[in-house]
Amino acid sequence: MKVERVKTGISGMDEILNGGIPERSVVLLSGGPGTGKSIFSQQFIWNGLVNGESGIYVALEEHPVQIKKNMMIFGWDVKEYENNGKFIMVDAFTGGIGIGAHQPYVMRDPSDETELMDVLKEAIKASKAKRVVIDSITSLYLTKPTFARNVVFKLKKVIAGYGCTALFISQVSVTERGFGGPGVEHGVDGIIRLDLDEVDGELKRSLIVWKMRGTAHSLRRHYFEICNEGIKVQN
């Protein structure tokens, strides 16, 4: 049976995944600070947009305006796609307060799971999205870790049900060996771990695909760099 795949478009990444992420998968993008998680996910969304796949970015930890400014550094200007309804930024950060917060998809209470599901469904239906990023999933259960599995499964049900493929960013500490907790790790279809380690007196970024249901994938650690065009992974 042929596996339908969603190409990340990130240089070197789709080869590691044997052609891309299996469609309708929810993948945990886990790592510590400075590892490139947000850039990876923004590049994933951008590559979908330029190839005709609508996308949604749920901003939980940073102002939506700042995220779009960060994307512009790499030349990823989403304004045109926003204007034609192909890209939606869900504002789960500002609570509707302040300059730049008055956009159609605003969560008044970012901790309200029901509101999140409702806004996400509305955004997916409006944009006919194929790609979703939640940045970060950790924010939804940080104060109540026992609800982590429940949150992930609710989101997965909505995302897969609408035919989307998603990246959930998971924040972990530099020394943490896991990926975001057992409730999250077991609920997702795939896990990509990003690391930043000192090698011979120099900081180097690397990634490893820990699991990916429905496809063979590289079991090796791969170094990558962040350049003007975004992330480039070594094979």
TODO: Round to the nearest 0.05 the FRET efficiency obtained for GLN234 and ASN84 when R0 = 35 Å and r is the Cβ-Cβ distance.
DONE: 0.45
Open item on the list: For segment 6-146, report the % of Cα-Cα distances exceeding 23 Å.
Closed with: 33
Task: Surrounding net charge for ILE169, when Lys and Arg each add one and Asp and Glu each subtract one, Cβ distance under 10 Å - done: -1
TODO: Show TRP210, TRP46 ordered by accessible area, largest first, where the area counts protein heavy atoms only and the probe is 1.4 Å.
DONE: TRP210, TRP46
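Just add up the charged neighbours of SER139: K/R +1, D/E -1, any other residue whose Cβ is under 11 Å from the Cβ of SER139.
Summing Lys and Arg as +1 and Asp and Glu as -1 gives -3.
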Open item on the list: Could you work out [θ]222 nm for the chain from helices alone, using -39500 (n - 2.57) per DSSP H run of at least four and dividing by all its residues? Round to the nearest 500 deg cm²/dmol.
Closed with: -8000 deg cm²/dmol
Open item on the list: I'd like the carbon and sulfur percentage of the solvent accessible area for segment 1-118, probe radius 1.4 Å, heavy atoms only, ligands and nucleic acids excluded.
Closed with: 51
Open item on the list: Going by Cα centres, segment 7-86 and segment 185-235 are how many Å apart?
Closed with: 15
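Find me the longest stretch of the chain that has none of the exposed trypsin sites (Lys or Arg not before Pro), where exposed means in a DSSP loop (not H, G, I, E or B) with at most 13 other Cβ atoms within 10 Å.
No qualifying site falls inside 3-107, the longest such stretch.
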Open item on the list: Can you compute the radius of gyration and Dmax for the chain, using only the Cα atoms, both in Å?
Closed with: 16.7, 51
TODO: Sequence neighbours fewer than 8 away in the same chain don't count; with that in mind, list the aspartates and glutamates whose C-alpha is under 15 Å from LYS204.
DONE: ASP195, GLU225
Task: Among LEU120, LEU28, LEU203, residue whose mean-square fluctuation peaks in a GNM of the chain (springs only between Cα atoms under 10 Å) - done: LEU203
Open item on the list: Let's test the formula: R0 of 30 Å, r as the Cβ-Cβ distance of MET72 and ASP112. What FRET efficiency results, to the nearest 0.05?
Closed with: 0.45
Task: Fluctuation leader among ASN84, ASN47, ASN150 - the chain, Gaussian network, Cα springs under 10 angstrom - done: ASN84
Open item on the list: Could you sort CYS227, CYS164 by their accessible area in this structure, using a 1.4 Å probe and putting the largest first?
Closed with: CYS227, CYS164
TODO: From largest accessible area down, sort HIS222, HIS63; use a 1.4 Å probe on the protein chains.
DONE: HIS63, HIS222
Open item on the list: With a cut-off of 8 Å between alpha carbons and a minimum separation of six or more residues, what is the relative contact order of the chain in percent?
Closed with: 29
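The values are calculated or read from the model by the stated rules, or taken from the named source; none is laboratory data. Predicted model only: the values in this text are computed from it and were never measured. Note that we place each Cβ from the backbone using ideal geometry, even for glycine, and neighbour counts take in every protein chain shown. Each accessible area value is taken on the protein alone, full model and side chains, heavy atoms only, with ligands, DNA and RNA left out. Shrake-Rupley method; radii C 1.70, N 1.55, O 1.52, S 1.80 Å.
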